[in-house]
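The values are calculated or read from the model by the stated rules, or taken from the named source; none is laboratory data. Please read these numbers as outputs of a predicted model, since none were measured by experiment. Note that each Cβ is placed from the backbone with ideal geometry, even for glycine, and that neighbours are counted across all protein chains shown. Heads up: the accessible areas ignore ligands, DNA and RNA and are worked out on the full protein's heavy atoms, side chains in. Shrake-Rupley method; radii C 1.70, N 1.55, O 1.52, S 1.80 Å.
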Amino acid sequence: MKFWKFIPIVALTLLSSCKDSLTIDDLENRTVASGYYNSSQRVEQAVIGGYVNLRRALLANYAWVMYGEARTGDLNVAVNYQQSVVNQQLTFDQRNVKQLTDWGYFYDVIKDANDVLDIVNKADASVLDTYHRNLFKGEALALKSMAYFYLARIWGEVPSAEKNNFGLRLTIQESVTQAAVWATEAQGLLPWRLINDDGIESIALTVVRFNKTAISSLLAQEELWLGKSQNAYDMLNKTFTVTTIDSLSNFGLSVGVDRRTEIPKLPLDESVVSMPLDRFNEIYPEGDARRQMFNVSTSDKKATLIIQDEDMLQLLPARELNLLFAEAAWRSGHLEEGKTYLVKAAVGAKEDYTALTEATFPDALLQERRRMLVGGGQRVFDLIRFGKVSTYIPVFTESDVQKGAAYWPLSANSLKNNSLSQNSYWLSKN
């Protein structure tokens, strides 16, 4: 059964309603009757509302892949706006492209998370026991952390939606720094495995809700983005030990029917999302065992991902951990250890990674992230972090990248009634 089938209707109607386009001003407009959250089940409705909006933020108009592999041409999406995205025509006057430049759903996630934090802080022991108090608070912090991390990586400088500095323009560094603070707090609260209503550990529940594996992976990514590789290295080594290896879990979005028609029910369906055959052969050369992750059609000149679990879109898979260890080790001066982790991660690769040097390691790691995380929407974020945007999106020069070309333009709604301005690259395209 799909997780979303268990969402009470009130969670959708009270906590997930939003307009086609939103600015952060709209976040103040939703209210819930006083005294409503008088049970653990009702507080959980508010938590689930955050996941609903995260799903909408990433799946509406195939956003997660448009921000990722579709933008670089590694994946094709059979929609009429794909070519505009791959051609970097991100200010194109087309409805879906305009919707992709709008950040409303991400701010809905933040609003939901802040509401949950207020609810949890006010709830007494008769409403929430220690387990649920920690779980719901940890999930809210994790959702908020992820939302700001996406906002910073997609748009660059964005406004704060926090009460203490509402509307203040945040630099990328400021957004990700505060996201890492929340992720650190959440890591201390979230369990390795979630328990169901019967008090039994549930793998099915764990993989579609934030857990300790997922939040640790998110925190490592944020620290690496900030250039704090030693922090990432220390945290990963402290968190993932021989005693925790059996506790690891994936994390992703439960998918299925949504009343909003722009949300695909099967986001990686082979009839919609595919890899051009020439790109497939370039990324996965003959002899690479990861070719088996795809169905290949020479007649259609494409390869399609074989999805093991169509009920979920993985965002933070456990298989990324060795890649994160490899990057954190290498960036903090432990090349040999980094190579060891990369070899562990890249099972099935035909390359000999034991011979890598400081000069060749980053390209090998970037290529393995490309291969192993395909379909997760990470590609452009990786290119930004590794300084390779103009290499793999050759329409951009390094000067373009310095002016903000790697980030998406702000929508017209985002620029209304505030001090925000378009970055210099996209301003020149208007």
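Table: residues versus (1) part of a loop (DSSP other than H, G, I, E, B); (2) modelled with pLDDT under 95.
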position	(1), (2)
Ile384	no, no
Ser390	no, no
Val395	yes, no
Val401	no, no
Gly404	yes, no
Trp408	yes, no
Ser411	yes, yes
Asn417	yes, yes
Leu420	yes, yes
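Rundown of residues vs (1) buried (at least 17 other Cβ atoms within 10 Å of the Cβ); (2) out of contact with any helix residue (DSSP H, G or I) (no Cβ under 6 Å at 6 or more places or on another chain); (3) among the β-branched types (Val, Ile, Thr), yes/no style:
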{"position": "Ile245", "(1), (2), (3)": "no, yes, yes"}
{"position": "Asn250", "(1), (2), (3)": "yes, no, no"}
{"position": "Lys265", "(1), (2), (3)": "no, yes, no"}
{"position": "Asp269", "(1), (2), (3)": "no, yes, no"}
{"position": "Ser274", "(1), (2), (3)": "yes, yes, no"}
{"position": "Phe280", "(1), (2), (3)": "yes, yes, no"}
{"position": "Ser299", "(1), (2), (3)": "no, yes, no"}
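Are any residues in the stretch 249-291 part of a helix (DSSP H, G or I) and free of Cβ contacts under 8 Å to residues at least 40 places away in the same chain, and if so, which ones? Steps first, please.
Keep residues of the stretch 249-291 that are part of a helix (DSSP H, G or I), which gives 277-283, 289-291.
Of everything in the stretch 249-291, those that are part of a helix (DSSP H, G or I) and free of Cβ contacts under 8 Å to residues at least 40 places away in the same chain turn out to be Leu277, Asp278, Phe280, Asn281, Glu282, Arg291.
Filter the stretch 76-96 for residues that are open to solvent by less than 90 Å² (accessible area, probe 1.4 Å) and closer than 22 Å to Glu270 by Cα and give the result. Please lay out each step first, then the result.
In the first step, residues of the stretch 76-96 are kept if they are open to solvent by less than 90 Å² (accessible area, probe 1.4 Å); the result is 76-79, 81-82, 84-91, 94, 96.
Within the stretch 76-96, Asn76, Val77, Ala78, Val79, Tyr81, Gln82, Ser84, Val85, Val86, Asn96 qualify.
Quick one: count up the residues across the stretch 375-428 that are touching a Pro at 6+ places or on another chain (Cβ under 8 Å), in contact (Cβ under 8 Å) with a residue 60 or more places away in the chain and open to solvent by less than 30 Å² (accessible area, probe 1.4 Å). Break it down into steps so the answer makes sense when it comes.
Initial filter on the stretch 375-428 (touching a Pro at 6+ places or on another chain (Cβ under 8 Å)): 376, 386, 418, 420, 422-423, 426.
Checking which are in contact (Cβ under 8 Å) with a residue 60 or more places away in the chain leaves us with 376, 418, 420, 423, 426.
Keeping just the survivors that are open to solvent by less than 30 Å² (accessible area, probe 1.4 Å) gives 376, 420, 426.
Here the count works out to 3.
What number of residues in the stretch 198-219 are out of contact with any strand residue (DSSP E or B) (no Cβ under 6 Å at 6 or more places or on another chain), assigned to a loop (DSSP other than H, G, I, E, B) and under 19 Å from Gly49 (Cα atoms)? Full working, then the answer.
Narrowing the stretch 198-219 to residues out of contact with any strand residue (DSSP E or B) (no Cβ under 6 Å at 6 or more places or on another chain): 198-200, 202-207, 209-219.
From what is left, the residues that are assigned to a loop (DSSP other than H, G, I, E, B) are 198-200, 202, 207, 209-211.
Then keep just the ones that are under 19 Å from Gly49 (Cα atoms); that gives 207, 209-211.
Residues flagged as out of contact with any strand residue (DSSP E or B) (no Cβ under 6 Å at 6 or more places or on another chain), assigned to a loop (DSSP other than H, G, I, E, B) and under 19 Å from Gly49 (Cα atoms) within the stretch 198-219 amount to 4.
Scan the stretch 266-287 residue by residue and report those that are over 18 Å from Arg71 (Cα atoms) and over 22 Å from the mean Cα position of the chain (by Cα).
Ser271, Asn281, Tyr284, Pro285, Glu286, Gly287
How many of the residues in the stretch 341-359 are open to solvent by less than 70 Å² (accessible area, probe 1.4 Å), out of contact with any Asp or Glu (no Cβ under 7 Å at 6 or more places or on another chain) and under 25 Å from Leu226 (Cβ atoms)?
Qualifying residue count for the region: 2.
All but one of (1) open to solvent by 10 Å² or more (accessible area, probe 1.4 Å); (2) polar (S, T, N, Q); (3) closer than 24 Å to Glu320 by Cα; (4) in contact with a Ser or Thr (Cβ under 6 Å, 6 or more places away or on another chain) hold for Ser202, so report the exception by its number.
With respect to (1) open to solvent by 10 Å² or more (accessible area, probe 1.4 Å); (2) polar (S, T, N, Q); (3) closer than 24 Å to Glu320 by Cα; (4) in contact with a Ser or Thr (Cβ under 6 Å, 6 or more places away or on another chain), Ser202 is out only on (4).
Consider the stretch 74-108. How many of its residues are touching a residue at least 24 places away in the same chain (Cβ under 8 Å) and in a loop (DSSP other than H, G, I, E, B)? Lay out the reasoning, then the answer.
So the first thing to find is which residues in the stretch 74-108 are touching a residue at least 24 places away in the same chain (Cβ under 8 Å), and the list is 74-79, 87-88, 90-91, 96, 98-108.
Narrowing the set further to residues that are in a loop (DSSP other than H, G, I, E, B) leaves 74-75, 78-79, 87-88, 90-91, 101-103.
Of the residues in that region, 11 qualify.
Which members of the stretch 205-221 meet the condition of being open to solvent by 10 Å² or more (accessible area, probe 1.4 Å) and under 25 Å from Asn237 (Cβ atoms)?
Answer for the stretch 205-221, where residues must be open to solvent by 10 Å² or more (accessible area, probe 1.4 Å) and under 25 Å from Asn237 (Cβ atoms): Val207, Lys212, Gln221.
Which is farther than 28 Å from Glu337 by Cα, modelled with pLDDT of 95 or more and either open to solvent by 30 Å² or more (accessible area, probe 1.4 Å) or not in a loop (DSSP other than H, G, I, E, B) (or both), of Leu224, Leu189? Even if it seems obvious, please write down each step before you answer.
Values: Leu224 fails: farther than 28 Å from Glu337 by Cα.
Step by step, each of Leu224, Leu189 is checked, and only Leu189 is farther than 28 Å from Glu337 by Cα, modelled with pLDDT of 95 or more and either open to solvent by 30 Å² or more (accessible area, probe 1.4 Å) or not in a loop (DSSP other than H, G, I, E, B) (or both).
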